[in-house]
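Some notes on the structure that comes next.
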Ligand SMILES: Nc1ncnc2c1ncn2[C@@H]1O[C@H](COP(=O)(O)OP(=O)(O)OP(=O)(O)O)[C@@H](O)[C@H]1O
């Protein structure tokens, strides 16, 4: 259960998040749509603890962000390039990140890399990856530890048709495993095919619940 109570954030006099409240359940996929600059990425940054909010609370499974934890323990997030080292292979990068909390071994990392359609034994360094490959490895990093809460910001925007299909399947599998997935996307098809409920952001404000349907 993710509970967001009236969170707000202003940067340099500009309201970025305006009194946003959400009540989200485990095992659901939530879509977030809205124009460029409407606040989707900033909302995800706030939920991940990467950006401090000015007011309001974010509570996940009884842990209050910035109070009980600085980051939720069971969180997976895709951030562009995710701080990956350009001179290491995809596998080596994920191995380094996995070592930070020692929850998984090489086998799980390899499984995650295969799930996104990449080769764990690829000797190419991250720097030489195509845009789509980078996007895939970043998703592998987000899911490799089987997180309960997954924040995906535009996970398919650099992918070819086959990649889009595969990644949608991975997102569905994560939901089936019981994860809660928050998905920001300009891809209407992603939202239509995946989201159980869709929220619309406009100038940092949650304007509307576009639709909700039980699958
Ligand atoms: N580091 C920053 N410092 C100050 N303002 C920022 C920063 N990053 C983003 N913003 C502002 O925050 C607002 C929301 O941006 P955000 O990136 O969350 O939009 P978005 O909905 O994700 O857009 P897009 O669809 O283009 O990804 C915008 O007005 C943007 O200019």
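Conditions first: (1) farther than 30 Å from residue 162 by Cα; (2) at pLDDT below 95; (3) away from the ligand (no atom under 16 Å from the Cβ). Residue 75 passes all but one, so which condition is the exception?
(1)
Looking only at residues in the stretch 36-64 that are at pLDDT 95 or above and touching a helix residue (DSSP H, G or I) at 6+ places or on another chain (Cβ under 8 Å), which one is farthest from the ligand (Cβ to nearest atom)?
My answer is 58.
Report, by residue number, each residue of the stretch 121-179 that is part of a helix (DSSP H, G or I), over 21 Å from residue 92 (Cβ atoms) and in contact with a strand residue (DSSP E or B) (Cβ under 7 Å, 6 or more places away or on another chain). First the steps, then the outcome.
Residues of the stretch 121-179 part of a helix (DSSP H, G or I): 126-128, 131-143, 161-176.
Right, trim to over 21 Å from residue 92 (Cβ atoms) and you get 161-176.
Those that are part of a helix (DSSP H, G or I), over 21 Å from residue 92 (Cβ atoms) and in contact with a strand residue (DSSP E or B) (Cβ under 7 Å, 6 or more places away or on another chain): 171, 174, 175.
When the residues of the stretch 23-51 are narrowed to those that are surrounded by fewer than 18 Cβ atoms within 10 Å (Cβ to Cβ) and more than 16 Å from the chain's Cα centre (by Cα), which ends up farthest from residue 203 (Cα to Cα)?
Step by step, filter the stretch 23-51, then rank; the result is 23.
Pull out all pairs, ordered by first then second residue, where Cβ-Cβ is under 8 Å, the residues are six or more apart or on different chains, the first lies in the stretch 171-200 and is at positive phi, and the second is modelled with pLDDT of 95 or more and assigned to a loop (DSSP other than H, G, I, E, B).
Between residues of the stretch 171-200 that are at positive phi and residues that are modelled with pLDDT of 95 or more and assigned to a loop (DSSP other than H, G, I, E, B), the close pairs are 178/26; 178/27; 178/148.
Which condition number in (1) at negative phi; (2) surrounded by fewer than 19 Cβ atoms within 10 Å (Cβ to Cβ) is the one that residue 203 fails?
(1)
Restrict the check to the stretch 93-103 and report whether at least one residue is on the phi < 0 side of the Ramachandran plot, assigned to a loop (DSSP other than H, G, I, E, B) and in contact with a strand residue (DSSP E or B) (Cβ under 6 Å, 6 or more places away or on another chain).
Among the residues of the stretch 93-103, not one is on the phi < 0 side of the Ramachandran plot, assigned to a loop (DSSP other than H, G, I, E, B) and in contact with a strand residue (DSSP E or B) (Cβ under 6 Å, 6 or more places away or on another chain), which makes the answer no.
In the list 188, 103, 134, 192, which residue meets the criterion of being within 14 Å of the ligand (Cβ to nearest atom) and surrounded by fewer than 22 Cβ atoms within 10 Å (Cβ to Cβ)? Walk me through it before giving the result.
Numbers: 103 fails: within 14 Å of the ligand (Cβ to nearest atom); 134 fails: within 14 Å of the ligand (Cβ to nearest atom); 192 fails: within 14 Å of the ligand (Cβ to nearest atom).
Going through 188, 103, 134, 192 in turn, the sole match is 188.
The values are calculated or read from the model by the stated rules, or taken from the named source; none is laboratory data. Here the structure is a predicted model, which is why all the values come from computation and not from measurement. As a convention, Cβ positions derive from the backbone with ideal geometry for all residues, glycine included, and neighbour counts pool all protein chains shown.
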